[in-house]
1. Would you mind telling me which numbered condition in (1) part of a helix (DSSP H, G or I); (2) open to solvent by 30 Å² or more (accessible area, probe 1.4 Å); (3) under 25 Å from H202 (Cβ atoms); (4) out of contact with any Gly (no Cβ under 8 Å at 6 or more places or on another chain) A158 fails?
2. Would you list the helices (runs of 4 or more DSSP H) that sit entirely within segment 1-114 and hold 3 or more residues that are among the hydrophobic types (A, V, I, L, M, F, W, C) and at negative phi?
3. Which numbered condition in (1) out of contact with any Gly (no Cβ under 6 Å at 6 or more places or on another chain); (2) at pLDDT 95 or above; (3) crowded, with 17+ Cβ neighbours inside 10 Å is the only one that Q125 fails?
4. Can you find a residue in segment 165-183 that is modelled with pLDDT of 85 or more, open to solvent by 20 Å² or more (accessible area, probe 1.4 Å) and assigned to a helix (DSSP H, G or I)?
5. Do we have any residue at all in segment 32-45 that's out of contact with any Cys (no Cβ under 8 Å at 6 or more places or on another chain), over 28 Å from K194 (Cβ atoms), open to solvent by 20 Å² or more (accessible area, probe 1.4 Å) and modelled with pLDDT under 90?
6. Please find, within segment 128-155, the residue that is modelled with the lowest pLDDT out of those that are open to solvent by 50 Å² or more (accessible area, probe 1.4 Å) and not in a helix (DSSP H, G or I).
Amino acid sequence: VAMYWVIGDEENVEKSYSQCDAFPRRLQLSDDPLPKALLVAFRSKRNVLKGCHNSTHCIRQCDRAGRLLRESLKLVYTQENQDIVKLIQLLVCDWLLTTRTDIWEKNKSDEDGFTSSQTELIAFQQDLACLRKLSTDLRPILSKIFLHEATARMMAGASPGRTQQLLDKSLRRRHKTGESSDTDSDLPGREQAKALMMAGRHLPDTGDRVTLISEASKIYEAMGDKKSVQSCRKMLMQYE
């Protein structure tokens, strides 16, 4: 499901949903909170992507998954499982932060000048703190951190100057890692596209919005992310 979401393959992701809902009993009974965190984060993201109108319910799901994730980060896992556990924790972080961002963007498009509540901002920062904790051993995550820090400022209605600096940092990380290994360069590439899209859509006085969003569309197209390309094209139609 994670892979199909990344490339925007809606047909195959729909076929895979039922496998995720069949949550193994062994994991249901486990004392480890991470499997439940992953399941609840998945359900919240799926609900938002499928156009759920009850954003309060989706936010509550994110909050529950976030609490479970923080419990997981306090645990000590066996050496042989540490790497896979860290990657699953990272996936949960990514789903929570992007889902919260999607909810905010939808509410903002419905209500001009919309800003998130203090409770929602605190929850976003808690998830972001988990991402920072995981970044100590996973350097490519820095681009994600800069992007989500910028998003948190947008959600709070903060002044755009510092927000633009954070987005620029995300873009510069892409430039620095571009000649690195495939693993290092792929992750920031997605963040670069999102940073361009967020700047073009939400920041005032960013120059040519069409240029920024067109650039994001090209990156998504190169990655094979069909859904994000469609989103960029819809935005471009609004600014023509």
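1. Just one mismatch for A158, condition (1).
2. Output list reads 2-7, 34-49, 55-74, 82-110.
3. (3)
4. yes
5. No, the conditions are met nowhere in segment 32-45.
6. Looking at residues that are open to solvent by 50 Å² or more (accessible area, probe 1.4 Å) and not in a helix (DSSP H, G or I), I get D137.
The values are calculated or read from the model by the stated rules, or taken from the named source; none is laboratory data. The model shown is predicted, which means the values in this text are computed figures rather than measured ones. Note that each Cβ is placed from the backbone with ideal geometry, even for glycine, and that neighbours are counted across all protein chains shown. The accessibility values were calculated without ligands, DNA or RNA, using every heavy atom of the protein model including side chains. Shrake-Rupley method; radii C 1.70, N 1.55, O 1.52, S 1.80 Å.
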